[in-house]
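Only one structure is covered here, and it is reproduced in the block below.
Read-outs: derived from the displayed coordinates by stated rules, not from any lab. It should be emphasised that the depicted structure is a prediction, and the values quoted were computed from it without experimental measurement. Glycine gets a Cβ as well: all are built from the backbone with ideal geometry, and neighbour counts include every protein chain shown.
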Amino acid sequence: MTYLEKLQQAVNTSQSTLCVGLDPNLELIPEAVKEKFDTQEEQVAFFCKMVIDYTYDSCAAYKPNLAFFEALGPAGLATFLEVIAHIPNDRIIIADAKRGDISSTAEHYKKAFFDGFKVDAITLNPLMGFETLDAFAGDESKGIYVLALTSNPGADDFLKKPFEGFDMMGQYIAHELFERSVKVETHLGMVIGATQTEEARSVIKHHSTGSLLIPGIGAQGGSVTDLAEALKEHEGIPLINSSRGIIYAGSDQENWVEHVSAKAKSTKEALSEITEMYVEAS
């Protein structure tokens, strides 16, 4: 099965374009979880597994953020593996690693994430050049989400600056990904922030068939209505990510998982005008 086939199937099955970001911040994990387990690794694993169980019906994908697992030290990657092994096979797993290196280093990142952890997709940073994608480019069952227009203020420093005849570097990145997409087997998608929809529209039009990973909805305040308008003519399937807004919806309440479930459901419903554009008719 190709990556795009699995992505379409996940969206169809879940009737959702929601991606739940797994950012297990030890400072925010509910006290009920901390009281239940002695070690940080156990707390993170249990917390993430419960989030997965209680959001499964509402989302098409999960995006575990490597930084929160690596912060656990030597046991962090084992915890990451335990968590992703808990995600059902009919959902997309995106490793939010933001790697971006070349040559044998990139090849070893590919071996780690695609061959070792067997995630479906990975986020990559292209600022060392497009050769950072080469090691990942030979597997049609996998996807790459390249940073093209991020939702943080630092996007002004590079991605929004004019570059190579384009109004923004993000547009140039999108154009190059489109040109390369017909030459590689791995699907080339983009990370596009939802907090600046006009700029996003100008970027995604340069790679109209690329799938999108879209942060910025929820805690960061992106507008679903504006995003739906920006996606009207886009062919590539979007996954709209929400992390903190969902996984910490229960705060320190005893029934925190019920709040997580309710928030995931309401977010799925809020995204319905977008999802309807991409669900295949049965």
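Could you tell me what percent of the DSSP beta bridges with both partners in the chain are antiparallel, to the nearest 5?
So the antiparallel bridges amount to about 5 percent of the total.
Roughly speaking, what is the stretch gain from ASN125 to HIS86, that is 0.36 nm per residue apart minus the C-alpha to C-alpha distance, in nm to one decimal? Write down the numbers at each step before the final one.
Values: separation 39, 0.36 × 39 = 14.04 nm, distance 2.71 nm.
Taking ASN125 through HIS86 to full extension adds about 11.3 nm, to one decimal.
Which loop GluC sites (Glu not before Pro) in the range 1-83, with loop taken from DSSP, have no more than 11 other Cβ atoms within 10 angstrom of their Cβ? List each step's numbers first, then the result.
On the way: sites: GLU5, GLU27, GLU31, GLU35, GLU41, GLU42, GLU70, GLU82; in loops: GLU27.
Qualifying residues, ordered by number: GLU27.
Where Lys and Arg each count +1 and Asp and Glu each count -1, what net charge lies around SER141 among other residues with Cβ under 12 Å from its Cβ? It would help to have the intermediate numbers written out before the result.
Numbers: positive: LYS6, LYS118, LYS142; negative: GLU5, ASP115, ASP120, ASP139, GLU140, GLU185.
Its environment carries a net charge of -3.
Show which aspartates and glutamates lie in cross-link reach of LYS111 when reach means a straight Cα distance below 17 angstrom and same-chain residues fewer than eight apart are skipped.
ASP96, ASP101, ASP120, GLU131, ASP134, ASP139, GLU140, GLU185
Which net charge results for the neighbourhood of ASN241, defined as the other residues with beta-carbon distances under 15 angstrom from its beta-carbon, given Lys and Arg at +1 and Asp and Glu at -1?
Details: positive: LYS63, ARG91, LYS98, ARG244, LYS263, LYS268; negative: ASP23, ASP96, ASP120.
Counting the neighbours of ASN241, the net charge comes to +3.
From Cα pairs below 8 angstrom and at least 6 apart in sequence, can you work out the relative contact order of the chain, rounded to a whole percent? Let's see the in-between values first.
Details: 536 pairs, mean separation 62.7, N = 282.
RCO, the chain: 22 percent.
Taking 8 Å as the Cα distance limit and 6 or more residues as the minimum spacing, I'd like the relative contact order of the range 1-60 as a percentage. Walk me through the numbers before you get to the answer.
Numbers: 40 pairs, mean separation 31.9, N = 60.
Value for the range 1-60: 53 percent.
So if I restrict to the alpha-carbon atoms in the range 185-282, what is the Rg, and what is Dmax, the biggest pairwise distance, in Å?
Answer for the range 185-282, Rg first and Dmax second: 14.7, 47 Å.
At what distance in angstrom do the alpha carbon centres of the range 190-239 and the range 11-64 lie from each other?
Comparing the Cα centres of the range 190-239 and the range 11-64, I get a distance of 24 Å.
What would the Debye formula give as log10 I(q)/I(0) at q = 0.08, 0.16 Å⁻¹ for the alpha-carbon point model of the chain, no solvent?
Calculated log10 I(q)/I(0) at the listed q: -0.31, -1.28.
How large is the helix-only mean residue ellipticity at 222 nm for the chain, computed as the sum of -39500 (n - 2.57) over DSSP H runs with n ≥ 4, divided by its residue count, in deg cm²/dmol to the nearest 500? Spell out each step's value before the answer.
Numbers: 12 runs with 108 residues, N = 282.
Estimated from H runs of four or more residues: -11000 deg cm²/dmol.
Which lysines does LYS205 reach when only Cα atoms under 29 Å apart count, and residues fewer than 8 places away in its own chain are ignored?
Reachable lysines: LYS6, LYS63, LYS98, LYS110, LYS142, LYS160, LYS161, LYS183, LYS232, LYS268.
Mind checking the full-extension length gain between LEU26 and GLU258? Use 0.36 nm per residue of separation minus the Cα-Cα distance, one decimal, nm.
Values: separation 232, 0.36 × 232 = 83.52 nm, distance 1.98 nm.
Result: 81.5 nm gained on full extension.
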